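For reference, the structure discussed in these notes is given below.
The values are calculated or read from the model by the stated rules, or taken from the named source; none is laboratory data. These figures come from a predicted structure and were not determined experimentally. Every residue, glycine as well, gets a Cβ built from its backbone with ideal geometry; the counts of neighbours run over all protein chains shown. These area figures cover heavy atoms from the full protein model, side chains too; ligands, DNA and RNA do not enter into them. Shrake-Rupley method; radii C 1.70, N 1.55, O 1.52, S 1.80 Å.
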Amino acid sequence: MDNLTQMHQFTLLFLFMLALSLALRIWLSWRQIRHIKVHRAQVPAAFADSISLDEHQRAADYTSTKTRFSRIPMVYDALLLLAWTLGGGLEWIDQLAQTYALSPIVTGIVVMLAYMLIAALLDLPISIYNTFVIEQRFGFNRTTPATFVTDMLKGAALALVLGVPLLYVILWLMQQMGSAWWLYTWAVLTAFSLVMMWIYPTWIAPLFNKFEPLEDGDTLKRITNLLERCGFSSNGVFVIDGSRRSSHGNAYFSGFGKNKRIVFFDTLLKMLDDDQLEAVLAHELGHFKKKHIIQGMLISFSTTFIGLAILAWLMQQAWFFQALGISTQSTYMALLLFMLVAPVFTFALSPLMSMFSRKNEFEADAFAAEQTNAGDLVSALVGLYRENASTLTPDPLYSAFYDSHPPAPVRIAHLNAQPQT
Ligand SMILES: [Zn+2]
């Protein structure tokens, strides 16, 4: 096959996959909205005592609204991707940058930064609408315009400080290390993400939220007790001011090794009593004990490895660039095109990742049921479903495709079936 045929074939394949994934996602969103509507009139039997009809319908309306709106960015992003590639957007930036006769690495950084800046600006209306219209309408939004803007500026500054040196190293490796560049790049990316995980809790997260150690008292005693029982070492239990941005509640761990922090959103502490809080924490500890965190890291490192191997091959193919609207072959453009286009092809893998994640959730729930009381976790989850207005009746196919957590009724039924301690 000559280059021209390959180029046309790849353009067609790209357009086909883009249209297919868009159609599939719109169809799934339609199923989700329809399923929720069908079940809107009645609270599912398992929740009849704990969730009122009003609360159930508020959750139905919130989920439907979000799902319906999500179609706009779906279509918008697909059109933007076409404009960047076949429409000549990236080609235009590239040609413009090349007129300045900078070194190839600096040109690469300029092109990528220009793309990221424009893409971030184009995405702004979507995130503004999400935060200040949808979340606002359902009473979840606590973000002020000032917080929104400072978050954005801090995020951009952080991306520059951390991203530009990393990009410089990657582009340098791509240029200098011959055919093995991708192995070196993989090693650098892996080391970078380990360092980021290490410094995130102490250096990065505090830029966005105020961290305060959980006050001494019964709650802390219960938590410390549980941590000791599970043989878990951390460097502190913290509360953050999640309420500054949203009334949704959450809890998480971050860091690894000895530099682990347990973090509760202040909003979660308000929602749950001590028994429930202990059960939720036991669930999170379950993710550690069952090695889900390590598994997640290994999956991400191997995906990067495979991705870079594919990129190393594509970079040599003239048709890869031409098929996506780029006339000059370069390392940075290969990298940028790959980052933009790969999700169109890997979209079909998302049900697999969701399935894996749901399996882990069941394991963490089982761990929590062993260490604490399954009934407390059930009541905590029901409380969270209520406060966060999560739908109790997702479409099974939609849920199988996207959801990292099992649908509420399935999860609760599983927990109720655990042997009681
Ligand atoms: Zn979990």
May I ask you to say which residue of ASN259, ASN250 is closer than 30 Å to ARG142 by Cβ and away from the ligand (no atom under 14 Å from the Cβ)? ASN259
Would a scan of region 389-411 turn up a residue that is of a type in the set (Val, Ile, Thr) and within 16 Å of the ligand (Cβ to nearest atom)? yes
Return the pair list, or none, for Cβ contacts closer than 6 Å from residues in region 195-211 that are within 15 Å of ASP266 (Cα to Cα) to residues that are outside any helix (DSSP H, G or I), at least 6 apart or on different chains. ASN209/ILE240; ASN209/ASP241; LYS210/ASP241; PHE211/PHE238; PHE211/ILE240
Could you list all residues from region 28-83 that are closer than 28 Å to ALA417 by Cβ, among the aliphatic types (A, V, I, L, M) and in a helix (DSSP H, G or I)? ILE36, VAL38, ALA45, ALA46, LEU53, ALA59, ALA60
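From the list ILE306, ILE326, ILE262, which residue is open to solvent by less than 20 Å² (accessible area, probe 1.4 Å) and closer than 30 Å to THR11 by Cβ?
From the options ILE306, ILE326, ILE262, the qualifying one is ILE326.
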Looking at the structure I just gave you, is ALA366 more than 23 Å from ARG40 (Cα to Cα) and either open to solvent by 20 Å² or more (accessible area, probe 1.4 Å) or among the β-branched types (Val, Ile, Thr) (or both)? yes
Apart from one, (1) under 19 Å from the mean Cα position of the chain (by Cα); (2) closer than 21 Å to ASN259 by Cβ; (3) aliphatic (A, V, I, L, M) all hold for VAL161; the odd one out is (1)
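So is LYS359 within 16 Å of the ligand (Cβ to nearest atom) and without any contact (Cβ under 8 Å) to a residue 24 or more places away in the chain or not? Spell out how you get there, then give the answer.
Numbers: within 16 Å of the ligand (Cβ to nearest atom): yes; without any contact (Cβ under 8 Å) to a residue 24 or more places away in the chain: yes.
Yes.
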So LEU311 passes all but one of these: (1) open to solvent by 30 Å² or more (accessible area, probe 1.4 Å); (2) more than 16 Å from the ligand (Cβ to nearest atom). Which condition number does it fail? (1)
How many of the residues making up region 372-388 are part of a helix (DSSP H, G or I), more than 14 Å from the ligand (Cβ to nearest atom) and more than 24 Å from the chain's Cα centre (by Cα)? 5
Looking only at region 209-257, which residues are among the charged types (D, E, K, R) and under 20 Å from the mean Cα position of the chain (by Cα)? ARG245
Residues that are surrounded by fewer than 22 Cβ atoms within 10 Å (Cβ to Cβ), touching a residue at least 24 places away in the same chain (Cβ under 8 Å) and not aliphatic (A, V, I, L, M), drawn from region 271-282: ASP274, ASP275
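Which members of region 281-293 meet the condition of being within 18 Å of VAL378 (Cβ to Cβ) and within 9 Å of the ligand (Cβ to nearest atom)?
Of the residues in region 281-293, the ones within 18 Å of VAL378 (Cβ to Cβ) are 281-286.
Answer for region 281-293, where residues must be within 18 Å of VAL378 (Cβ to Cβ) and within 9 Å of the ligand (Cβ to nearest atom): HIS283, GLU284, GLY286.
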Which of the residues spanning region 54-71 are among the basic types (Lys, Arg) and over 16 Å from PHE132 (Cα atoms)? ARG58, ARG68, ARG71
Of the residues in region 373-421, how many are touching a Lys or Arg at 6+ places or on another chain (Cβ under 6 Å), open to solvent by 20 Å² or more (accessible area, probe 1.4 Å) and within 25 Å of LEU269 (Cα to Cα)? 0
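Taking the condition within 16 Å of the ligand (Cβ to nearest atom) and surrounded by fewer than 21 Cβ atoms within 10 Å (Cβ to Cβ), does VAL344 pass? Give the derivation first.
Details: within 16 Å of the ligand (Cβ to nearest atom): no; surrounded by fewer than 21 Cβ atoms within 10 Å (Cβ to Cβ): yes.
Spelling it out, it is not the case that VAL344 is within 16 Å of the ligand (Cβ to nearest atom) and surrounded by fewer than 21 Cβ atoms within 10 Å (Cβ to Cβ).
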